[in-house]
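To keep things clear, I will list the structure first and then write my remarks on it.
The values are calculated or read from the model by the stated rules, or taken from the named source; none is laboratory data. This one's a predicted model, so the numbers in the text were calculated from it and none came from an experiment. Glycine also receives a Cβ, built like all others from the backbone with ideal geometry; neighbour counts cover every protein chain displayed.
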Amino acid sequence: MRMIDLIEKKKRALPLREEEIRYFVEGFTAGGIPDYQAAALLMAICFTGMTDRETAWLTDAMAGSGDRVDLSAIPGIKVDKHSTGGVGDKTTLILAPLAAACGVPVAKMSGRGLGHTGGTVDKLESIPGFRTDLDRRAFLKIVETVGVCVAGQSGNLAPADKKLYALRDVTGTVDSIPLIASSIMSKKIAAGADAIVLDVKCGSGAFMKTPEDATRLARKMVDIGRACGRRMAAVITDMDRPLGHCIGNGLEVAEALEVLEGKGPEDLREVSLVLAAQMLSLAGKGDPALCRQLAQNTLDSGAALEKFRQMCQAQGGDVSVFARPKSLYEKAEVYELSAPMGGWVCRMDAEACGRASMLLGAGREKKDSVIDPAAGVVLCCKTGDAVERGQALARLYTNVPERLEQAKQALLESYVIGPQKPEPQPLVYDVILGL
Ligand code: URA
């Protein structure tokens, strides 16, 4: 087999055979196929696409390129969730203990943030002492004893995807639905859960800018999961506005704790309940309406909060933050951004809000940037709110005041204030079931 023939074929929009896809994935991972040939094939895929069968083969080849987590020792249907990434998205912090408190084991591997989006591992590590660098044995032991563990990716999970993603990132080949779908699903399949709920974000702060594109990506991922024998559901949710009010690691943990106490912002609680209903339903707890009620009761009774406390303790975290969530962000100086005019917040640019938070120290510009757990933004007004001139639009938390003006500018540009109240925008666009 020759790589040049695969590139020529894909350039002409001809489908690749399973052996050809495996030859590419295995050869590239082992170092036998140079970056320039891999990049040429990826670019051809961006232009000519892939069939469902090709996408499933690519996923399977990448999932099989490293370790596969074996969760079979843990009884019950293990459920995972994945978000395609957004701003202020702290739902994993709520859903993982919530599902576990309902009797559904959650063994979740999460990532760190990069650029304008945050990562669950960084959020959890804002709790002093919280350990996410667990080896496989410690990870599984916590799932067995507590019912839930959220850790960083350990071992060698889908190394082909890691190498390919790094190449896509610098060759303009990220935004292809089959490449994104196979990349995400290869890691989810290797992570071993029986059921997977996907939160596919759409809007200004997401990869997918429109509900149509988000739906196409969701369908593709649901089909791949089904082909790999997983129970699947996907929810298309809004990311034109950040989720909740808080952006930044410690601030987001504090906001998640509010929801776990049965309070918190309505949008965050609602998205969490919709996703929880799907997770519980896939785990066999009943139909989604019944499961939503179960999730709601579990949040309101404090059982999910208690499960988070147990997980935190098992992972070495300082549980005094439960009594004083303020301690998660009080080490930063606070500044205010006031509204330059009165009116209604008609639109927001979620990506710009995430960028402002990153500038304040909450996110990484580069992979090795150091982050400040206390830094971030609290949005006092969001789309649909009325504002008066001079009223606080947002509070900015930082220990790098020299970045303040740039962050304020990014935030200010993210708000569109107009004379008319905007039409309400959906929070949840669709639910796609893998039946
Ligand atoms: N996230 C991934 O893991 N892969 C992609 O290709 C895009 C987003």
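Worth a mention:
- Qualifying residue in the range 148-164 (condition: away from the ligand (no atom under 16 Å from the Cβ), β-branched (V, I, T), in contact with a helix residue (DSSP H, G or I) (Cβ under 8 Å, 6 or more places away or on another chain) and touching a residue at least 12 places away in the same chain (Cβ under 8 Å)): yes
One line per residue, one yes/no per condition, for (1) within 16 Å of the ligand (Cβ to nearest atom); (2) surrounded by fewer than 19 Cβ atoms within 10 Å (Cβ to Cβ); (3) not in a helix (DSSP H, G or I):
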| site | (1), (2), (3) |
| --- | --- |
| V174 | yes, yes, yes |
| S182 | yes, no, no |
| M185 | yes, no, no |
| L198 | yes, no, yes |
| E212 | no, yes, no |
| R226 | no, yes, no |
| R241 | no, no, yes |
| M279 | no, no, no |
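- With respect to the conditions (1) without any contact (Cβ under 8 Å) to a residue 12 or more places away in the chain; (2) within 22 Å of P159 (Cβ to Cβ), I21 falls short on a single one, namely (1).
- Of all residues in the range 65-88, none satisfies being part of a helix (DSSP H, G or I) and of a type in the set (A, V, I, L, M).
- Residue selection: T91 satisfies the criterion of being buried (at least 24 other Cβ atoms within 10 Å of the Cβ) and among the hydroxyl-bearing types (S, T, Y).
Matching residues to (1) surrounded by fewer than 23 Cβ atoms within 10 Å (Cβ to Cβ); (2) within 21 Å of R309 (Cβ to Cβ):
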{"site": "M109", "(1), (2)": "no, no"}
{"site": "L114", "(1), (2)": "yes, no"}
{"site": "T117", "(1), (2)": "no, no"}
{"site": "T120", "(1), (2)": "no, yes"}
{"site": "S126", "(1), (2)": "no, yes"}
{"site": "R131", "(1), (2)": "yes, yes"}
{"site": "A151", "(1), (2)": "no, yes"}
{"site": "Y165", "(1), (2)": "yes, no"}
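- Qualifying residue in the range 374-395 (condition: within 23 Å of the chain's Cα centre (by Cα), at pLDDT 95 or above and at positive phi): yes
- Which listed residue, of L140, L134, is more than 30 Å from C353 (Cα to Cα), assigned to a loop (DSSP other than H, G, I, E, B) and among the aliphatic types (A, V, I, L, M): L134
- Scanning the range 384-402 for residues that are touching a residue at least 40 places away in the same chain (Cβ under 8 Å) and either crowded, with 20+ Cβ neighbours inside 10 Å or assigned to a helix (DSSP H, G or I) (or both) yields V387, L393, A394, L396, Y397, T398, P401.
- In the set T84, T120, only one residue is closer than 30 Å to S204 by Cβ, in contact with a Phe, Trp or Tyr (Cβ under 8 Å, 6 or more places away or on another chain) and within 16 Å of the ligand (Cβ to nearest atom); that residue is T84.
- Evaluated against (1) at pLDDT below 95; (2) more than 25 Å from the chain's Cα centre (by Cα), L433 falls short on exactly one condition, (2).
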